[in-house]
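In what follows, a structure is listed as structure tokens, so that the remarks can point back to it.
The values are calculated or read from the model by the stated rules, or taken from the named source; none is laboratory data. All values derive from a computational prediction rather than experimental measurement. Neighbour counts run over all protein chains shown; Cβ positions are idealised from the backbone, glycine included.
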Amino acid sequence: MIIAALAGIKVFATGGIGGVHRGAEHTFDISADLQELAHTNVTVVCAGAKSILDLGLTTEYLETFGVPLIGYRTQALPAFFCRTSPFDVSIRLDSAQDIARAMAVKWQTGLNGGLVVANPIPEQFAMAEEKINASIDQAVKEAEEQGVVGKESTPFLLARVAELTGGDSLKSNIQPGVQQRCTGL
């Protein structure tokens with residue numbers, strides 16, 4: 001994000017943003033990109049926060065630090081592997097022009113910090129919520145049992161979820177990047 005901002009790049013895409021990890025109320029494990037989003041004037045287009053995170057706390061964190069969470073043609077926060085989650089975005093916008101206006105309003109009024117545009121994964125690549133949530137819950141349980149914490153937790157969880165889903169999560173993981181480049185944002 002910092003390099004993008006220094007280079008004058010106002011919008012970039014990634015599969016999913018980091019966020020507040022499950023159990024962060026005890027570990028304080030919060031991805032650094034959330035804090036960077038609060039200070040850097042870029043718009044991040046993604047398929048939502050990674051499903052392995054605590055999506056509720058992630059949305060609260062973004063709200064607390066003034067980072068608008070925009071749903072591109074959706075009111076529900078996409079959950080990376082899934083098109084929806086139980087959580088809402090701050091605002092739904094249905095066009096690239098509306099998103100560009102939101103960016104301009106924020107920055108022209110002197111409000112520093114980024115915006116997140118959550119663009120759901122295409123339906124044909126989305127996973128069933130029950131399947132991915134069961135796999136994530138199992139992976140989180142195993143991480144706790146094995147004492148996996150800190151920077152090792154995300155790679156462990158993503159790898160274990162890929163195993164538990166028979167590789168389906170990895171296939172879904174690859175697809176958001178393609179979708180982000182095709183939105184016209």
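Annotations for the structure displayed:
Conditions tested, residue by residue: (1) more than 12 Å from the chain's Cα centre (by Cα); (2) within 25 Å of Leu157 (Cβ to Cβ).
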residue	(1), (2)
Leu62	no, yes
Phe65	yes, yes
Arg73	yes, no
Ala76	yes, yes
Ala102	yes, no
Gly113	yes, no
Glu123	yes, yes
Met127	yes, yes
Ala134	yes, yes
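- Taken over segment 78-99, residues that are part of a strand (DSSP E or B) and under 11 Å from the mean Cα position of the chain (by Cα) amount to 1.
- Unmet criterion (only one of (1) crowded, with 18+ Cβ neighbours inside 10 Å; (2) under 19 Å from Asn119 (Cα atoms); (3) free of Cβ contacts under 8 Å to residues at least 40 places away in the same chain) for Ile30: (2)
- Inside segment 108-130, residues that are closer than 20 Å to Leu6 by Cα and either touching a Ser or Thr at 6+ places or on another chain (Cβ under 9 Å) or in contact (Cβ under 8 Å) with a residue 12 or more places away in the chain (or both) make up a count of 6.
Let's see how each residue does on (1) at pLDDT below 95; (2) part of a helix (DSSP H, G or I); (3) buried (at least 17 other Cβ atoms within 10 Å of the Cβ); (4) touching a Phe, Trp or Tyr at 6+ places or on another chain (Cβ under 6 Å):
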site: Thr58; (1), (2), (3), (4): no, yes, yes, no
site: Leu62; (1), (2), (3), (4): no, yes, yes, no
site: Gly71; (1), (2), (3), (4): no, no, yes, no
site: Ile132; (1), (2), (3), (4): yes, yes, yes, yes
site: Val148; (1), (2), (3), (4): yes, no, yes, yes
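- The C-beta contact set for segment 131-158 (first residue without any contact (Cβ under 8 Å) to a residue 24 or more places away in the chain, second residue of a type in the set (Gly, Ala, Ser), distance under 7 angstrom, 6+ apart or interchain) comprises Ala143/Ser153; Phe156/Ala143.
- Leading residue by the ranking (farthest from the chain's Cα centre (by Cα)) among those in segment 1-18 that are of a type in the set (A, V, I, L, M) and assigned to a loop (DSSP other than H, G, I, E, B): Ala7
- Among the numbered conditions (1) among the β-branched types (Val, Ile, Thr); (2) surrounded by 16 or more Cβ atoms within 10 Å (Cβ to Cβ); (3) farther than 21 Å from Ile9 by Cα, the only one that Val116 does not meet is (3).
- Every test in (1) over 19 Å from Ala102 (Cβ atoms); (2) outside any loop (DSSP other than H, G, I, E, B) is passed by Ser51 save one, and that test is (2).
- Residue list for segment 73-88, restricted to those being buried (at least 24 other Cβ atoms within 10 Å of the Cβ) and within 30 Å of Gln108 (Cα to Cα): Leu77, Pro78
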